[in-house]
1. Restricting the count to DSSP beta bridges whose residues both fall in the stretch 459-599, what percent are antiparallel, rounded to a multiple of 5?
2. Can you pull the percent of the stretch 128-282's accessible area that's carbon plus sulfur, 1.4 Å probe, other chains left in place?
3. Order 242-248, 111-117 from most to least packed using the mean count of other Cβ atoms within 10 Å.
4. Just add up the charged neighbours of GLU572: K/R +1, D/E -1, any other residue whose Cβ is under 13 Å from the Cβ of GLU572.
5. Per residue, how large is the accessible surface of the chain? Use a 1.4 angstrom probe and give square angstrom.
6. Round to the nearest 10 and report in Å² the accessible area of HIS296, as given by a 1.4 Å probe over the protein chains' heavy atoms.
7. Spin-label point model (7 Å from Cα, Cβ direction): what's the ASN207 to ASN290 distance in nm?
8. Which value, in debye to the nearest 20, describes the size of the charge dipole of the stretch 120-239 about its Cα centre when Lys and Arg Cβ atoms bear +1, Asp and Glu Cβ atoms bear -1, and nothing else is charged?
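The values are calculated or read from the model by the stated rules, or taken from the named source; none is laboratory data. Computed from a predicted model, the values in this text were never measured in an experiment. Note that each Cβ is placed from the backbone with ideal geometry, even for glycine, and that neighbours are counted across all protein chains shown. Keep in mind that these areas ignore ligands, DNA and RNA; they rest on the heavy atoms of the full protein, side chains included. Shrake-Rupley method; radii C 1.70, N 1.55, O 1.52, S 1.80 Å.
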Amino acid sequence: MTSHDIVPASLAVKAMRDSGYKNAAYAIAELVDNSIQAGAAVVEILCQEEEELVSQRKRIRVKQVAVMDNGCGMDKDMLRRALQFGNGGRLDDRTGIGRFGMGLPNSSISQARRVDVWTWQNGYQSAIHSYLDVGEIERGEQSEVPEPNEEAVPNTWVRRSNSAGQAKSGTLVVWSDLDKCDWRTAQSIFKNSEFTIGRIYRYFINNDRAKIRMAAFLGRGTNPVTDDVVSANDPLYLTPNETLPAPWNAEPMFEQHGAPQVIQIGLNGKALAVTVTISVAKKVARDGHNAGDQPHGRHAKNNVGVSVVRAERELELQTGWCIQSDPRERWWGVEVNFPPELDEVFGVTNNKQSARTLAEFAEVGVDQIAEREGYSSESELMEAWEQDQDPRLILIHVKQAVERNLSAIRKVIKAQATPRQGEKFRHLDPNSAETIGTQATKRRQEEGYKGTSDLSESLPPEVKTQQIEESLVSVGVDPVEAQQRATSLVSSGYKYEFYKVGVDTAEFFTVRPKGGSILIGLNTNHPAYDHLVTLLESGDEVNDVAILKARLRKSYEGLKLLLEAWARYEDELTDGVKKERAQEARLDWGRVARQFLRED
C-alpha cells in the first residue's frame with residue numbers, strides 16, 4: 001500500500017541531517033546541554049579511533065564519538081521521547097538551557113548515521129537502550145523509536161569513563177558511522193572543539209558545576225592516548241584562562257568597563273532583565289612589540305564579537321557589531337545575557353546556535369528598522385512599540401547599549417595604545433621621523449630661525465624632564481608612561497615627541513613646546529586618526545596583502561580629504577587679511593615641510 005504521509009520519514013530525516021550545525025563542536029554541545037540539564041557534574045567526550053591502511057600507509061580515523069555523563073538518567077518513556085524529533089521532556093521548561101526537544105536526534109544525525117543511547121537510574125548494569133539508524137529509516141525499516149530494552153552499558157565504554165563506575169545514574173550517547181563529521185581524527189575534533197565548548201559552558205566550568213573531559217582511545221583500548229579537561233574560555237577575559245601564558249593564566253587579561261547594564265522588560269506579567277557587560281583589555285596586555293601577534297593576542301583574536309548568552313550558556317559570538325578590518329577589535333569584550341523567556345523575542349534557533357533577531361538588529365540602523373516596520377522615524381517607532389508593549393523594544397535598547405559602549409571603549413583602546421617596541425627605541429633609528437625632524441630643526445637653527453622651544457634647550461636635564469612629564473600628565477597621558485617618555489626624550493637630545501590622547505575638540509593634533517622639545521599630541525577621537533594613523537600604524541598586525549593594500553588606499557584617500565578640507569577652509573574665507581594670512585601660513589608651512597622631507 002502506498003504511503004501518503006505528510007512528511008515521509010526518510011525525506012524528513014534527510015532534510016534534518018542538513019539542519020545547519022556549524023560544525024561537530026556545536027553538535028556535541030547539544031549533547032552536553034542534555035547532560036548539564038540532567039544535573040551532571042561530569043561530562044565526558046570520548047572518541048574511539050582505528051588504524052586504516054590506505055595506499056600502503058597507515059592512518060588514524062575516528063570511528064565513534066561518545067558523550068557520557070553522571071546525570072539523573074531517563075526511564076523508558078523519556079528515552080523514547082528524547083529520540084523523537086521535536087519531543088523531549090522539557091518543551092515548556094524555561095528554567096534551563098534545554099527546551100526545544102531537537103538536540104539529541106538532530107545533532108546526532110547531523111554527524112553520524114547511527115546513534116545509540118544507554119541510560120540508567122540504578123547503576124550502569126541496569127541500563128536501558130534504544131537507537132536511531134538512518135539506514136533503517138531510509139529503507140523504511142524504522143518508522144518509530146524502538147522500544148527501549150534492558151541492556152547494560154558496554155564494558156569498554158564503562159572502563160573508558162572516569163565516572164560511570166561510581167555513578168548511580170547517567171547516560172551514554174554513541175555516534176557511529178560518522179559520514180558528516182568534517183574532522184577525521186580525535187585530535188582534530190578536540191582541537192577544534194575545546195575552544196568553543198570552553199566558551200559555551202564557561203559559567204558552568206568556572207563555578208565548578210560541570211567538569212568536561214575529552215579523551216581518545218585507539219581500537220578497543222581503554223587507556224587514553226589523549227586525556228584533557230576543558231578550560232573555561234571567557235571572551236570578556238574577566239576571569240583567568242588556563243590556556244593563556246603568564247600572567248593571564250592566573251589573573252584576568254581585561255577589566256570591566258563600568259557596571260553591567262540591566263535592561264528591564266515586562267512580558268506575560270513577568271519582570272525580566274537583560275544584562276549587558278563590557279570589558280576592555282588592560283593597558284599592560286597591549287604593551288610590547290605587536291601584542292596582537294603574541295599568544296594572548298592571537299587567543300583574543302579568536303574571541304572577537306558580542307557574546308550572546310542564554311541561561312548562562314553561550315549561543316554564539318555575533319560579529320555584526322565588529323569592524324572587521326580593525327585588528328584592535330580583539331581588545332574589547334561584550335556580553336548580552338538574557339533569560340529563556342525571551343527566546344522568541346531574540347529569535348533563538350532550535351539548535352541553540354544563534355539569536356537571529358538580535359543579529360538582524362545588530363547589522364542595521366534603528367532608522368532602517370523603523371522604515372521596514374512602516375514608521376517615519378526612529379522616535380516614532382520606539383514610541384509606538386512602547387505604547388503597544390512590543391517586546392522587540394528591548395532589542396533596540398540592547399542595540400543602543402552595545403553600540404554606545406563600543407563607541408566609548410574603542411576610544412579607550414585608541415588612547416591606551418602604548419608605543420611598540422620599535423617606537424621605544426626610535427631615537428636610535430636614523431630613518432625615524434623624530435631623528436630626521438631633529439636634524440632638520442638643527443639646520444634651521446643654524447640658518448637663524450628660532451622657535452619658542454629653543455629657549456628652554458639650555459635648562460638642566462632634570463628641569464626639562466619634569467616640564468615634559470608634567471605637560472604629558474596634564475593632557476591625560478598615563479603618569480608612568482609620561483615619566484618614561486620624558487626621561488627618554490631628554491637623554492636622547494631629540495626635539496620631537498608624539499603621544500596619543502583622546503580629546504573632544506576639533507584639533508587633529510596639538511603642539512606644546514616644553515623642556516626644549518616639541519610635544520605633538522595626536523587626537524585619537526578625530527576622524528583623521530582612523531583614516532591615517534590607525535590604518536598605517538597597525539599594519540604589522542595584518543598578514544593579508546589585500547587588506548594591507550586596502551589600508552594604503554584608504555590612507556591615501558584620507559590624506560586627500562585633509563588637503564580638501566584645508567582648501568575648502570581657504571575658499572570659505574572672505575578676501576582680506578584673514579585669507580592672506582591663511583595662504584601665507586600654507587606657503588610658510590610648505591617651505592618648512594620641504595626642508596624636513598629633504599632631510600629624509
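1. Details: 6 of 12 bridges.
Just about 50 percent of them are antiparallel.
2. Details: 3260 of 7330 Å².
About 44 percent, which is the carbon plus sulfur part of the accessible surface.
3. Values: 242-248: 14.4, 111-117: 22.0.
Most protected by this proxy first, the peptides run 111-117, 242-248.
4. Working: positive: ARG568, LYS578, LYS579; negative: GLU564, GLU570, ASP571, ASP575.
Surrounding charge for GLU572 is -1.
5. Working: 29810 Å² over 600 residues.
Value returned for the chain: 50 Å² of accessible area per residue.
6. We get 20 Å² for HIS296.
7. Rounded to a tenth, the inter-label distance reads 4.1 nm.
8. Working: 13 positive and 16 negative charges, 152 e Å.
With Lys and Arg at +1 and Asp and Glu at -1, about 720 debye.
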